[in-house]
């Protein structure tokens, strides 16, 4: 409890203030005395002062109306000192110190809060003998981050992270290796008010890593141990990992690649994971080669799942224009709830010809036959990190049927950011037991980004069925005009087991045309596309029209206009989408750039089958950004006004969110 007394907090605040004021003088004093000894050389100290302001004013009208104002300020200093002893190749070091002070004021309908924070980060890096001919080199790194945030209502966040790392490198030409030890200490105390309980984290994470490699072999062995020193819980674990990659070339363009990955985690959240991949490529003739691969994957976590995959491909190239690939693939999955075997035979050809009567031509044709034998038990199937690219309109239909919507978790591409349901996306039940993720405009998810979806679903019943797929594509590019068409159709046929309602016939057809004109000061693009999708009996037809106009008004100004209209017809609803983005890239001075922007996005959905009405989403944004870089001063300023309107049902009250945001950042360099 002593950590929450007033005196230590004041003492730390004073310490940070002293660091901001005194540290530059310490660096400069060291620089001034550097010339007195020939053994120590210091480069000029780099100092940056930072001022940052972020103000957000939100006003929401509707059933849950509210008003909030967030005002955050930050002041900090960054200092960097680099130098060496005797010779930079012999002993080099760098020290970075970054103290900062923040303040955040929040006003809502019923309450006003204030938060004051101070942070002190430092990083010391030392390199010994790394650039010399001595076969051994050393690296040492010490880093500390201290962050204290106190609120006017008694909230307190106290976070200290301390890490130490040391490594030794063996600089042999045949097989260079390194041994690294790292320790991270985390101490964290948090409470939301004076009357709330204190939540604490006290962890010690230690790791050893051995890695090395040659021209044909990569090796990495790692051992991690976490000691959770909070008495009320036990998150201790011990993780052992091994990774080996091997490449063996032989003959002409032939090679064997091997990869082995192993993980064994004991303690908190225990699991074992093993994967083995072998791929052999053999060049038979100038135009023919084969690729044979095998994959074994085993995961033991609650239940044991084993997957095996074998594949053989034969590639033939004719005059570098026609490529034909024949492949046979066999895979199996076995666990307590599922035993599934698949056999796939595939034949495809792709033709590519450049400058055929002035045009580039692409054409492809493929056919495949797959036999699936699935023996499953009643239970749930875990689907982890299923990847999707967000299409125009922001509606993603998940691959699996019978999904438990309450189990859905949506993250970004590297699974570091978890999106919020109702804020960034909505979950919608479609016909035929399908599920859709619908992106909310103005949220954190944008068109063209990759998202990962994790969920649970009811296991499909035991069945044996065959799948026949046929596909083709054609495209021609004349430079100023492009035309493309593709079609893929698959049919499932039941052999035995549950009825055909659990099968999934699918078809995707896409036809598009594009026009491009590149004139002296104008770039014009016009495009139209029709896309038909059939999946599990659910049909969707999308018509999309795109226009892009770019006008170079002068040597320092360029106008950009991008518009989209999309019309979707589905089994139970229709959707219209309109999007417009207008911007000006203006550089009145070499050191000054200004970019005004105007955006409009509207989605209107109409329930056709049920006749329940429609739902509208509308998002508008207007503002500008300013960037100024002159000598040792860098300034960024931006202002945006956003408005998001949502009407989920014609009987409901329209919800409108207005947001004004001002951001200012000034960095002053001292060299």
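Taking the criterion of being more than 34 Å from the chain's Cα centre (by Cα) and in contact (Cβ under 8 Å) with a residue 24 or more places away in the chain, the residues of the stretch 124-133 that qualify are 128, 129, 130, 131, 132. Restricting attention to the stretch 283-310, which residues are out of contact with any strand residue (DSSP E or B) (no Cβ under 6 Å at 6 or more places or on another chain) and touching a residue at least 24 places away in the same chain (Cβ under 8 Å)? Scanning the stretch 283-310 gives 303, 304. Within the stretch 460-493, the only residue that satisfies the criterion of being at pLDDT below 90 and surrounded by 16 or more Cβ atoms within 10 Å (Cβ to Cβ) is 460. If you check 496, 510 for being exposed (fewer than 15 other Cβ atoms within 10 Å of the Cβ) and modelled with pLDDT of 85 or more, only one passes: 496.
When you look at residue 259, is it part of a loop (DSSP other than H, G, I, E, B) and farther than 29 Å from residue 118 by Cβ, yes or no? When the stated conditions are applied, residue 259 does not pass them. Highlighted here are the strands (runs of 3 or more DSSP E) found entirely within the stretch 394-433 that include at least 3 residues which are at pLDDT 90 or above: 403-412. For residue 106, indicate whether it is crowded, with 16+ Cβ neighbours inside 10 Å and more than 20 Å from residue 224 (Cβ to Cβ). Yes, satisfied.
Each row is one residue, and each column tells you yes or no for (1) surrounded by 14 or more Cβ atoms within 10 Å (Cβ to Cβ); (2) modelled with pLDDT of 90 or more; (3) farther than 26 Å from residue 337 by Cβ.
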| residue | (1), (2), (3) |
| --- | --- |
| 265 | yes, yes, no |
| 269 | no, no, no |
| 275 | yes, yes, no |
| 278 | yes, yes, yes |
| 281 | yes, yes, yes |
| 289 | yes, yes, yes |
| 298 | yes, yes, no |
| 302 | no, no, no |
| 306 | yes, yes, no |
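Results for (1) buried (at least 16 other Cβ atoms within 10 Å of the Cβ); (2) touching a residue at least 24 places away in the same chain (Cβ under 8 Å), shown as yes or no for each residue.
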site	(1), (2)
118	yes, yes
122	yes, yes
135	no, yes
154	no, yes
174	no, yes
180	yes, yes
184	yes, no
189	yes, yes
195	no, yes
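Under the condition of being in a strand (DSSP E or B), crowded, with 16+ Cβ neighbours inside 10 Å and modelled with pLDDT under 90, the residues counted in the stretch 383-393 number 1.
Here's the yes/no breakdown for (1) in contact (Cβ under 8 Å) with a residue 12 or more places away in the chain; (2) part of a strand (DSSP E or B); (3) under 32 Å from the mean Cα position of the chain (by Cα):
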residue: 448; (1), (2), (3): yes, no, yes
residue: 456; (1), (2), (3): yes, yes, yes
residue: 460; (1), (2), (3): yes, no, yes
residue: 466; (1), (2), (3): yes, yes, no
residue: 484; (1), (2), (3): yes, yes, yes
residue: 487; (1), (2), (3): yes, yes, yes
residue: 501; (1), (2), (3): no, no, no
residue: 507; (1), (2), (3): yes, yes, yes
residue: 513; (1), (2), (3): yes, yes, yes
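Residue 245: outside the structural domain of residue 184 (by TED's automatic domain parsing), under 29 Å from residue 340 (Cα atoms) and within 27 Å of the chain's Cα centre (by Cα), yes or no? No: the conditions fail for residue 245.
The values are calculated or read from the model by the stated rules, or taken from the named source; none is laboratory data. All of these numbers come straight from a predicted model, not from anything done at the bench. Counting neighbours? That spans all protein chains shown, and the Cβs are built from the backbone with ideal geometry, glycine included.
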